[in-house]
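One structure below.
The values are calculated or read from the model by the stated rules, or taken from the named source; none is laboratory data. Owing to the predicted nature of the structure, the values given are computational and were not obtained by experimental measurement. Cβ placement follows ideal geometry from the backbone for every residue including glycine, while neighbour counts extend to all protein chains displayed. SASA here: full protein model, heavy atoms, side chains in, ligands and nucleic acids out. Shrake-Rupley method; radii C 1.70, N 1.55, O 1.52, S 1.80 Å.
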Amino acid sequence: ARFGSGHVRQSSRLLRPYNPATDTSPFAQAQVVDAGDMAVNPFDIGEAIEAIQQDATDLTEDGSSLMTIGGDHTIALPLLRAASARAGEPVALLHFDAHLDTWDTYFGAEYTHGTPFRRAFEEGLIDSSGVCHVGTRGPLYGTQDLEDDARFGFGVVTSNDVMRMGVDEVVGFLRERVGDRPLYVSLDIDVLDPAHAPGTGTPEPGGLTSRELLEILRGLRGTNLIGADVVEVAPPYDHAELTGLAAANVVYEYMSLLALGADAAPGGPAYGESGTVYGAQR
Ligand code: MN
Ligand code: MN
């Protein structure tokens, strides 16, 4: 997954400047820059986590918003440390993932891609009243996993919930949950079905389509988004850039949300007025 960022950059070449789904031109409406790769120690996870936290702090101290392309999901912890420090309070968190990532340890290790959100809870980085998983599915180690997760405050919109509720109802639920709190979005690309994102380390059948995912993200317009990541893109397992393209479009929707800003009305774009049905569903 350490090669994910380069792969997503390559896949982003197919993006175009105007996003009709949200009526935004993110690169025209906001100053956007690729800040390059963070240099981290591949042999010392603790040192790597500290380097990411420092880089994220430096990149956002002028008020910029940071979107990070990973990479192993471990990076969400130092990114949340920087985001909550900048916000000056625990942040709301929407976590798109097939997995809970609130486990305690993996093989005795506390800092892994399966544990960042338990650590974030313990460190007081996230506001338990405004946190939710989306797209969860697949087998667990036991019922204790869910009991622990609920104790940390997480709501759960499973992958099957998305199917049964539909995108608009999911969006309504998530918006109510996060309210106007500072919001961080962490998105593990394995939230998508392996058919839509095969290039990842822990694929789980029964996931979201890229259409559902992108539309749920668009539904977050006007929330107080302050930072986001997309992680776990593993190019050696990708085919036809399916995963890279999905991740690049996720980042494009993040950019569109940030370009719209927290003042944007929650509804869809103004397309309905022009007589088309483009985006008029909300
Ligand atoms: Mn996952
Ligand atoms: Mn994950």
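Against the conditions (1) free of Cβ contacts under 8 Å to residues at least 60 places away in the same chain; (2) more than 30 Å from residue 3 (Cβ to Cβ); (3) surrounded by fewer than 21 Cβ atoms within 10 Å (Cβ to Cβ), where does residue 223 fall short? Just the number, please.
For residue 223, the exception is condition (3).
What's the number of the condition residue 197 fails, among (1) open to solvent by less than 50 Å² (accessible area, probe 1.4 Å); (2) at pLDDT below 95?
Against the list (1) open to solvent by less than 50 Å² (accessible area, probe 1.4 Å); (2) at pLDDT below 95, residue 197 comes up short only on (2).
Mind checking whether some residue in the range 248-261 is at pLDDT below 95 and assigned to a loop (DSSP other than H, G, I, E, B)?
There is at least one residue in the range 248-261 that is at pLDDT below 95 and assigned to a loop (DSSP other than H, G, I, E, B).
All but one of (1) surrounded by fewer than 16 Cβ atoms within 10 Å (Cβ to Cβ); (2) within 24 Å of residue 1 (Cα to Cα); (3) hydrophobic (A, V, I, L, M, F, W, C); (4) more than 16 Å from ligand 2 (Cβ to nearest atom) hold for residue 217; which doesn't?
All conditions pass for residue 217, except number (1).
So which residues in the range 83-111 are open to solvent by 10 Å² or more (accessible area, probe 1.4 Å) and either of a type in the set (A, V, I, L, M) or within 10 Å of ligand 2 (Cβ to nearest atom) (or both), if there are any at all?
Correct list: 83, 85, 87, 99, 109.
Could you tell me which residue of the range 127-144 is nearest to residue 175 (Cα to Cα), considering only residues that are more than 15 Å from ligand 2 (Cβ to nearest atom) and in a strand (DSSP E or B)?
130
Give me the residue from the range 47-80 that is polar (S, T, N, Q) and surrounded by fewer than 21 Cβ atoms within 10 Å (Cβ to Cβ) and, out of that set, nearest to residue 123 (Cα to Cα).
The selected residue is 53.
Does the range 112-124 contain any residue that is surrounded by 17 or more Cβ atoms within 10 Å (Cβ to Cβ), assigned to a helix (DSSP H, G or I) and of a type in the set (Lys, Arg)?
Yes, because at least one residue in the range 112-124 is surrounded by 17 or more Cβ atoms within 10 Å (Cβ to Cβ), assigned to a helix (DSSP H, G or I) and of a type in the set (Lys, Arg).
List every residue pair whose Cβ atoms lie under 6 Å apart, where the two residues are 6 or more positions apart in sequence or sit on different chains, the first residue falls within the range 21-50 and is under 14 Å from residue 78 (Cβ atoms), and the second residue, located anywhere, is in a helix (DSSP H, G or I) and open to solvent by 40 Å² or more (accessible area, probe 1.4 Å).
38/55; 41/47
From the residues in the range 154-193 that are surrounded by 15 or more Cβ atoms within 10 Å (Cβ to Cβ) and polar (S, T, N, Q), which one is farthest from ligand 1 (Cβ to nearest atom)?
The qualifying residue farthest from ligand 1 (Cβ to nearest atom) is 158.
Can you tell me which residue within the range 233-254, out of those that are within 11 Å of the chain's Cα centre (by Cα) and within 16 Å of ligand 2 (Cβ to nearest atom), is farthest from residue 195 (Cα to Cα)?
Selected residue: 250.
Would you please name the residue that is farthest from residue 117 (Cα to Cα), looking only at residues in the range 76-100 that are within 13 Å of ligand 1 (Cβ to nearest atom) and aliphatic (A, V, I, L, M)?
Filtering the range 76-100 for residues that are within 13 Å of ligand 1 (Cβ to nearest atom) and aliphatic (A, V, I, L, M), the one farthest from residue 117 (Cα to Cα) comes out as 98.
Conditions tested, residue by residue: (1) open to solvent by less than 90 Å² (accessible area, probe 1.4 Å); (2) out of contact with any Asp or Glu (no Cβ under 6 Å at 6 or more places or on another chain); (3) under 17 Å from residue 56 (Cα atoms); (4) not in a loop (DSSP other than H, G, I, E, B).
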position: 1; (1), (2), (3), (4): yes, no, no, no
position: 8; (1), (2), (3), (4): yes, yes, no, yes
position: 12; (1), (2), (3), (4): yes, yes, no, yes
position: 27; (1), (2), (3), (4): no, yes, no, yes
position: 37; (1), (2), (3), (4): no, yes, yes, no
position: 40; (1), (2), (3), (4): yes, yes, yes, no
position: 43; (1), (2), (3), (4): no, yes, no, no
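Quick test for you: out of 70, 46, 63, pick the one residue that is on the phi > 0 side of the Ramachandran plot and out of contact with any Pro (no Cβ under 9 Å at 6 or more places or on another chain).
Unique residue meeting the criteria: 63.
Look through 98, 92 and report the one residue that is small (Gly, Ala, Ser), within 26 Å of residue 45 (Cα to Cα) and part of a strand (DSSP E or B).
92
Please enumerate the residues belonging to the range 52-81 that are more than 16 Å from ligand 2 (Cβ to nearest atom) and either polar (S, T, N, Q) or free of Cβ contacts under 8 Å to residues at least 12 places away in the same chain (or both).
Residues satisfying the conditions are 53, 54, 57, 58, 60, 62, 63, 64, 65.
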